[in-house]
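What follows is a single structure, written as structure tokens, with notes after it.
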Amino acid sequence: MKKPTLLIVDDDEGIRKQLKWALEEDYTIFLASDKESALEMISTNKPDLVALDLGLSPHMSGETDDEGLEILHRVVKRDPLTKVIMITGNENKEYAIKAIQMGAHDYYFKPIDVKELRLIMKRAVHIQGLERENIRLREELVQKKQFAGMVGWSPAMQDVYKQIEGVASSNVTVLIEGESGTGKELASKAIYEKSDRGKGPFVVINCGAIPENLLESELFGHEKGSFTGATGTKIGKFEQAEGGTLFLDEVGELPLSLQVKLLRFLQDHQIERVGGKQPIKLDVRVIAATNRDLEQEVEAGRFRKDLYFRLNVVRILLPLLKDRFGDALLLAYHFLDRHRSSQKRKITGFTPEAEKAIQTAEWKGNVRELENRIRKALIVTQGPMITEKDLGLENDQGIISFSLKEAREELDKKYITMALKNSKGNISKASRELGINRVTLHDLLKKYAISMPTGDDDE
Ligand SMILES: Nc1ncnc2c1ncn2[C@@H]1O[C@H](COP(=O)(O)OP(=O)(O)OP(=O)(O)O)[C@@H](O)[C@H]1O
Ligand SMILES: [Mg+2]
């Protein structure tokens with residue numbers, strides 16, 4: 001097995017030699033005597049372990065500490081899994097705490113006992129191995145549990161994947177429905193990628209984001225001089241998507257006048273530019289998405305019924321995140337891995353409470369909300385684990401991290417303890433106060449393992 005690499009940073013040549021001699025059997029060792037050479041070696045050799053002496057310069061005292069912390073900061077920023085062991089002759093506890101908060105693995109006060117230091121290093125390497133393995137396994141798991149970039153393996157999503165697989169290779173129009181943030185755009189891309197059109201263009205247009213008077217020319221293009229300002233011929237999104245796929249996002253926002261033009265395309269695959277004289281035949285597959293109920297829009301007269309039927313050949317409904325059992329945590333780790341790389345702090349995962357909060361949150365904004373919360377948490381967290389507070393998912397923020405049963409039991413315990421305290425441990429009094437009989441109270445005491453305050457049992 002390859003030896004782990006260790007960088008020893010110390011201005012004292014004697015100590016460098018001593019440590020090298022003592023540790024070279026177990027480590028591939030690099031030596032640095034000052035900040036510059038240390039930083040140089042860190043970036044070129046990427047050591048697994050750094051033994052860092054704070055008092056780098058023999059002449060300065062106060063400021064030298066900062067040099068050590070600066071190196072520490074750079075190491076942790078480059079790779080948070082690098083284990084830095086601070087070694088110092090200065091028994092300053094506050095500094096030790098600061099170093100640990102900044103991501104040092106451990107702290108060691110001189111004089112050096114090589115045996116002891118060797119043990120600390122061995123443990124650091126062991127922990128590092130576990131952390132790396134953990135991240136690798138997690139990434140592997142997330143890798144396995146996704147489909148064309150869509151993360152999740154709940155039965156509800158596997159159903160979606162099957163539908164996508166089923167329609168991808170045909171040219172049929174697909175309508176993707178789902179609430180905001182459920183991944184409609186991602187699903188449309190998955191269809192595109194899995195189809196034979198994967199090499200052709202994938203063109204996106206959000207029908208709700210473009211002013212009505214510009215939308216027609218955006219979609220269908222225009223001829224030179226067709227209206228004031230049309231100084232040249234413009235190719236619209238339909239033509240841009242030739243040979244590929246056009247994704248019409250928020251199709252429910254399409255004004256009635258343009259609904260006619262879209263219908264025409266779906267019927268005979270032809271469009272006409274604004275001001276154009278000739279129809280243009282195109283080979284474009286249309287995928288449309290909506291978070292409105294189109295059926296209702298039809299009833300309200302805002303959406304053409306014939307267009308609705310044309311679009312609705314195949315309909316894929318994306319489930320709410322809260323209905324995808326087990327996926328929220330998988331997605332959370334996926335977003336953590338995706339957004340962590342740009343993050344300086346050493347963040348290795350979520351606390352158990354945070355995991356629970358993620359699994360039980362309502363996720364009204366679905367996957368997008370989850371992603372946003374993780375992005376924000378990465379900024380505010382003190383690390384190394386993201387807490388439910390970092391995620392803004394504390395109990396009082398409207399999320400439920402208890403099951404109803406657990407919540408009831410918690411309340412039971414609180415009431416019983418309170419009643420026992422009031423009655424100074426008198427069971428009869430307490431049971432009267434609680435409105436239950438003594439047998440029931442005894443049972444509950446046993447169930448919840450509530451100990452009696454000192455006092456007598458009965459009246
Ligand atoms: N299953 C998933 N796996 C990984 N990332 C996802 C998944 N679903 C959604 N996302 C991510 O969540 C964000 C929102 O997804 P997307 O834009 O596809 O949702 P949407 O349904 O189109 O939302 P809206 O209706 O608000 O436009 C994107 O950053 C997307 O990459
Ligand atoms: Mg969208």
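Summary table
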item	result
Residue match in the stretch 289-298 (condition: touching a strand residue (DSSP E or B) at 6+ places or on another chain (Cβ under 7 Å) and closer than 23 Å to ARG264 by Cα)	yes
Residue in the stretch 210-224 that is closer than 23 Å to VAL160 by Cα, assigned by TED's automatic domain parsing to the domain that holds ILE164, over 23 Å from the mean Cα position of the chain (by Cα) and not β-branched (Val, Ile, Thr) present	no
Which listed residue is free of Cβ contacts under 8 Å to residues at least 60 places away in the same chain and either closer than 27 Å to SER169 by Cα or within 16 Å of ligand 1 (Cβ to nearest atom) (or both), from GLY232, GLY236	GLY236
Filter result for ILE205 (of a type in the set (Val, Ile, Thr), in the same structural domain as LEU282 (by TED's automatic domain parsing), within 16 Å of ligand 1 (Cβ to nearest atom) and more than 25 Å from GLU272 (Cβ to Cβ))	no
LYS145 being within 15 Å of ligand 1 (Cβ to nearest atom), of a type outside the set (Ser, Thr, Tyr) and at pLDDT below 95	yes
Any chance GLN270 is free of Cβ contacts under 8 Å to residues at least 24 places away in the same chain and not assigned by TED's automatic domain parsing to the domain that holds THR387	yes
Top-ranked residue in the stretch 272-296 [being in contact with a Ser or Thr (Cβ under 6 Å, 6 or more places away or on another chain) and not in a strand (DSSP E or B); ranked as surrounded by the most Cβ atoms within 10 Å (Cβ to Cβ)]	ASN291
Count of residues meeting criterion [within 30 Å of GLU353 (Cα to Cα) and either open to solvent by 100 Å² or more (accessible area, probe 1.4 Å) or not in a helix (DSSP H, G or I) (or both)] in the stretch 422-457	7
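Residue by residue, here is whether (1) farther than 20 Å from SER403 by Cβ; (2) open to solvent by less than 30 Å² (accessible area, probe 1.4 Å); (3) within 9 Å of the chain's Cα centre (by Cα) holds:
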{"position": "LEU317", "(1), (2), (3)": "yes, no, no"}
{"position": "ARG324", "(1), (2), (3)": "no, yes, no"}
{"position": "PHE335", "(1), (2), (3)": "yes, yes, yes"}
{"position": "ARG338", "(1), (2), (3)": "yes, no, yes"}
{"position": "GLU355", "(1), (2), (3)": "no, no, no"}
{"position": "GLY365", "(1), (2), (3)": "yes, yes, no"}
{"position": "GLU371", "(1), (2), (3)": "yes, no, yes"}
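Table: residues versus (1) open to solvent by 50 Å² or more (accessible area, probe 1.4 Å); (2) among the β-branched types (Val, Ile, Thr); (3) assigned by TED's automatic domain parsing to the domain that holds LEU266.
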| position | (1), (2), (3) |
| --- | --- |
| LEU117 | no, no, no |
| ARG132 | yes, no, no |
| VAL151 | no, yes, yes |
| ILE164 | no, yes, yes |
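The values are calculated or read from the model by the stated rules, or taken from the named source; none is laboratory data. Since we're looking at a predicted model, the values are computed, not measured. All Cβ positions, glycine included, derive from the backbone under ideal geometry; neighbour counts span all protein chains shown. Keep in mind that these areas ignore ligands, DNA and RNA; they rest on the heavy atoms of the full protein, side chains included. Shrake-Rupley method; radii C 1.70, N 1.55, O 1.52, S 1.80 Å.
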